[in-house]
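The values are calculated or read from the model by the stated rules, or taken from the named source; none is laboratory data. Quantities reported herein were computed from a predicted structural model and do not represent experimental measurements. Heads up, the Cβs are rebuilt from the backbone with ideal geometry, glycines too, and the neighbour counts pull from every protein chain shown. Keep in mind that these areas ignore ligands, DNA and RNA; they rest on the heavy atoms of the full protein, side chains included. Shrake-Rupley method; radii C 1.70, N 1.55, O 1.52, S 1.80 Å.
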Amino acid sequence: MNEIARTIAEAALGRDPGPLTRAKSLSHRVFVGADVVVKIIHADRHSRLNREIALAPMLPAGIAAPLLASGEYEDLRYACYTRVPGAAPGLHLPNTDAATARKLAEQAVERLERLHTWRPESTRTLTEELDHGGFTGREAFQQEIERLEQADRDGVVPAQIIKGLKEIADRAPDRVEAAVPVHADCHWANWLANGDTVTALLDFEWARLAEPAEDWFFLIRFSGPHMAAVLDVVTEQTAVPEDELRAACEVRDANYVTSDVRLTLEGDPNAGVGSIAGLAELIDGRYWWSGRSSRA
């Protein structure tokens, strides 16, 4: 596969791309060179790379890595991007100090707000059906909880967790407005930063029309020990009241993890990483409320 990636990169650049290194990716094979990145997937797999390719030329300048080329090679689909300086801070910001985390969050919020205010000429790609497992409204979430109960034939999900999920669902809004373009997967493994400077937001394969809270959830939830600081940044820069933001994030967290656990119990290979332990952290540990500030 490395040689195929080299062939694709050479055609896109018009020259030898130099050494390519395989990078970690859950949904694609990704190869990184000095100034190029190649993403590859078998043509019979999911079509989310097509979504990313279609959006790339339309996105506001300076948000994402520039697309150099895309197409098919034998039984593969590919996208070739300019490599942007920097590295991913990583899920839960493992090697980031408090000051840097805050600076990165401030810049990430600014970029996401530019995305949210972008008005594409066509929303066709953003409105194509996508089974994302996220929150779309109270009734759909309640049905997802019922499906989890039905899938849990061995009773491995504690009763108090089911009760807690139902309470979150009862408080949830009736529906989500398809209001603005969102990235919908903007955790810190999908950002690039050069020191304390954000350089790009990657992987637009889940992008769609939704509410801005969809992106605030991912940014805050995967900030690890800096969760409270990043939540602070979001409330300051967006003027969303803290309790309102926490509640919006909680219901999204609950819906995503419920869906992941249900798919895992059904033996679905497309199940995400959400776990029963994650549900316990959410319900028993009151993740979104345990660090609530006194001013909220």
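Working note: Cα atoms of region 86-199, range along each principal axis, descending, whole Å: 48, 40, 22.
Determine the distance separating the Cα centre of region 90-129 from the Cα centre of region 1-65; give it in Å without decimals. Taking the Cα centre of region 1-65 as reference, the centre of region 90-129 is 21 Å away.
Taking amide H as placed 1.01 Å from N in the peptide plane, the amide H of Ala23 sits under 5 Å from that of Val30, Phe31, Val32, each at least 5 places away or on another chain. Rounded to 0.05, the FRET efficiency of the His42 and Ala11 pair, given R0 = 25 Å and the Cβ-Cβ distance, is 0.80.
Model label sites at Ser290 and Gln143, defined 7 Å from Cα along the beta-carbon direction, differ in position by 3.3 nm.
For Ala210, the residues whose amide H sits under 5 Å from its own are Ala179, Val180, Val182, ignoring neighbours fewer than 5 places away on the same chain, with H placed 1.01 Å from N.
Per residue, the chain exposes an accessible area of 48 Å² to a 1.4 Å probe, with every protein chain left in place. Taking square-rooted eigenvalues a ≥ b ≥ c of the alpha carbon gyration tensor, is the chain rounded, prolate or oblate, where a/c under 1.5 means rounded and, failing that, a/b exceeding b/c means prolate? Prolate shape, in that a/c is at least 1.5 and a/b is the bigger ratio.
Its DSSP H runs of at least 4 residues, each contributing -39,500 (n - 2.57), put the calculated 222 nm mean residue ellipticity of the chain at -13000 deg cm²/dmol, to the nearest 500. Would you give the gap between the C-alpha center of region 192-242 and the C-alpha center of region 257-296, rounded to a whole Å? For region 192-242 versus region 257-296, the Cα centre distance is 18 Å.
Charge tally around Ile145: other residues with Cβ under 15 Å, Lys/Arg +1 each, Asp/Glu -1 each, net -4. Evaluating 6.51 cos²θ - 1.76 cosθ + 1.60 at θ = phi - 60° for every residue in region 163-173, the Karplus couplings come out as 4, x, 5, 5, 5, 5, 4, 4, 8, 6, x Hz, glycine and proline recorded as x. Among rounded, prolate and oblate, which fits region 1-140 when a ≥ b ≥ c are the square roots of the eigenvalues of its C-alpha gyration tensor, a/c under 1.5 means rounded, and a/b larger than b/c means prolate? Oblate, because a/c is 1.5 or more while a/b does not exceed b/c.
Note on Glu113 and Asn270: the extension gain reaches 53.5 nm, defined as 0.36 nm multiplied by sequence separation minus the Cα-Cα distance.
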